[in-house]
Amino acid sequence: MPKIGSRTRKILLGGGAVAILAAPLANAAGEGQPVDGGARNPSQDTRQSYTRETEIISNVNTYGTRQSNKSDNGGGAVYGCRSKAGGSAKGNEPCIRSTNLADGFAFEFNVNAGLLGGTITVGRGGDTAKPFTTNATGVADGLNADRVDGRQGSDLLGKTEKAADADKLDGVDSADLARTANFLQARISSNGTDVLSGARPSGTSATAVGAATTRVTFPADVATCSVTATPIGAVVPVAAAPVEGNARAVDVTFGAAGADPAARTSVSVQVIC
């Protein structure tokens, strides 16, 4: 067998050493192997995919791990999964879960210069899609919700605002209505043109429509109410009745002495509905 020179032997040994060292590095993929920077880990071969959690445990006074990208057109991290509906409560772990075992924050999102913090996209959106749910019922400081129970914020009234149709019932203004068992009254002066103090409701007016008749107009519908008139201070025959065609008015008519202004007296008109 020919002799191998020391120089030749060193080259062969060196080459063997390179071969021995290179082999495991070339096949380093899968669990128990180091992470290969700039490449897919463990590899494109799905047979080498990790089958157990890869844990990174730290005990430091800052973040346990840090991912960053200094490019002005690149993100810091992407997390993807194929978890089914229900989340952890249904045994379907979400793509990202952050749990603080103490009493501090579980997450913080910060945008240094932008005016939009981010987006939450759920399927095609719409009223059946929810961005998130919570069991917390306290006020979220600074949260400006655009909808409440599906209504736009512009649909909601302020604390002191009045609804446009709140003053109406079936299209009738509330001032035109006299509630059941309502009592309306007015005291008319002897000249038949003045409503004395104490009228109920306010806004009642009186007008002389003839020498013997005074028309009392209430700010409510009294067409179907019971009307009576009582003279005050003198015994003068009077009668009162609703005015046909004017649901708010009552005519008070004096008797035979009505044509004599000196015989007129103040009259109390009562309306019961």
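Laboratory data are not the source of any read-out in this text; all were calculated from the coordinates shown. From a predicted model like this one, the values you see are computed outputs, not experimental measurements. Note that each Cβ is placed from the backbone with ideal geometry, even for glycine, and that neighbours are counted across all protein chains shown.
Table for the structure above
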item	result
Charge context of Asn92, other residues only, Cβ under 14 angstrom, K/R +1, D/E -1	+3
Added length on full extension, which subtracts the Cα-Cα distance from 0.36 nm per residue, Ser58 to Lys159	31.1 nm
Stretch gain in nm, segment Ala85-Ser71, where the contour uses 0.36 nm per residue and the Cα spacing is subtracted	1.6 nm
